[in-house]
Amino acid sequence: MARIRRRNLSSVLGSRSKIFNSLSGPTKHMASDVSIAAPSIVAEQVEDYELMKFVMQNDTISLVHRSVDINVDRYKLIELLESYNFRVVNTSKSTFFAVGDAQFVTVDIRNWSTTVNIVATSEQSIKFVDMLINTFEHNPCYVKYVYDSQYMEYTTLPINSSKQPLQEMYPWLDEPITSFYDRFVNSDSNILILTGVPGSGKTTFIRGLLSHTKQSAILAYNPKIIENDSFFVQWLESTDMFMILEDADNLITPRKDGNDVMSKFLNIGDGLMSFKNKKIVFSTNLPSVASIDPALTRAGRCFDVVQFDYLNREQAQRLADVVQLPLADGTQFTVSDVFSASRNEVKFAKDAKLNRGFGFV
């Protein structure tokens, strides 16, 4: 089933993105001093105007916002909407909105994923989402990669569900991988730290976490973005459960060493604010837990600090046997070594599973 995000309608003021991000609680009345200016030629202002007009013409309390991610061609979706008598207005190459008798729909097309936002009554929105799911392929989870430090622009990439972690990749884990995932998600702790040498399977472990929980994540690598409050606000206001911070060596060092961003992580992780359904996953190559700010690893705040280690030859051979690959000479291997060391011998490996790759997509 598709991951459907639902929130009660509470506000229709502000920019287009703020309209949906601010749908948090039931609205008992509309502000009496709201005035709507005539729509300008600017596309986003036209959309804001149409949305506010739609909300004011309907019972505000009964309206909800739902969102679903699907794989669909722009023109096929427009054709579908028009067949249901929606009035479609193109606002850019990647966005458009549609107005029906009792539904307002915005569409945001970003690379591999199309996000459809629906404002309607609960019953109508459920029917509309079900129709989309039954018609098009849906994306249960994705990674929202933020690349712009000024406007927090992002692109959306799907999770490759075929590249899942194997239990043999983590022989030191004394429980099934999925059991570990479930315990983390169901815990009150917000922080998970994965540390170890490069190529030890940390990113694959994270991909498995997202795929198993069918939850999406926000991701950034630029320190200027991560230090920006807008990055955190965008995540906190979204329905994305996870924030993924890879190569986070400099982000989790002690505050006494000048790490100013640490206070934000501490407040989200059992600090002044409570966010049980928000989880931050750090991936780092730091050699020791002693290099991490001790406040971040405090019990209750941090679920676990997981050390990803080298595989000995017996462990590496067990993994190589599972993926049907020959193992190179040596006594110490990373997970990546098991897959890459045999690439020149792939013609000798029957049904070799070398398409696993690393990274999220």
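The values are calculated or read from the model by the stated rules, or taken from the named source; none is laboratory data. Since this is a predicted model, take the numbers as computed values, not measurements. Heads up, the Cβs are rebuilt from the backbone with ideal geometry, glycines too, and the neighbour counts pull from every protein chain shown. Quick note on the areas: whole protein, heavy atoms, side chains included, nothing else; ligands and nucleic acids left out. Shrake-Rupley method; radii C 1.70, N 1.55, O 1.52, S 1.80 Å.
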Would you please give the FRET efficiency between Lys53 and Glu79, computed as 1/(1 + (r/R0)^6) with r the Cβ-Cβ distance and R0 = 41 Å, to the nearest 0.05? 0.95
Provide the FRET efficiency to the nearest 0.05 for the Gln167-Arg313 pair, computing r from the beta carbons and using R0 = 22 Å. 0.75
Just read off the accessible area of Leu286 with the full protein assembly in place, 1.4 Å probe, to the nearest 10 Å². 20
For the range 68-116, compute Rg over Rh where Rg is the Cα radius of gyration and Rh is the Kirkwood radius from the inverse mean 1/r over Cα pairs. 0.93
Order by accessible surface, 1.4 Å probe, largest leading, for residues Asp229, Asp260, Asp108 comes to Asp260, Asp229, Asp108
At R0 = 45 Å the Cβ-Cβ FRET efficiency linking Asp257 and Asp329, nearest 0.05, sits at 0.65
For the range 187-290, how many pairs of lysine residues have a Cα-Cα distance under 22 Å, where the two are 8 or more positions apart or belong to different chains? 14
Along each principal axis of its Cα atoms, how long is the range 179-304 end to end? Whole angstroms, biggest number first, please. 37, 33, 28
What do you reckon, how do Arg110, Arg207, Arg313 stack up by accessible area (1.4 Å probe), largest on top? Arg313, Arg110, Arg207
Spin-label pair Val289/Ile126, simplified geometry with 7 Å Cα→Cβ offset, distance in nm: 4.6
Would you calculate the separation in nanometres between label points at Ala299 and Glu227, each defined as 7 Å from the Cα along the Cα-to-beta-carbon direction? 3.5
Probe 1.4 Å, heavy atoms of protein chains only: per residue, the accessible area of the range 60-190 in Å² is 47
Projected-area average for the range 262-332 over all orientations - Cα convex hull basis, square nanometres: 6.9
Compute the Rg to Rh ratio over the range 209-261 from the alpha carbon atoms, using the Kirkwood formula for Rh, and round to two decimal places. 1.02
Alpha carbon Rg of the range 64-222, scaled by the compact-globule rule 2.2 N^0.38 Å: 1.25
For Asp188, tell me the accessible area in Å² from a 1.4 Å probe, rounded to the nearest 10. 110
Whole-angstrom gap from the range 178-216 to the range 109-141, using each part's C-alpha centre: 27
In a solvent-free Debye calculation with one equal scatterer on each Cα, what is log10 I(q)/I(0) for the range 140-197 at q = 0.18 Å⁻¹, listed in the order of the q values? -0.96
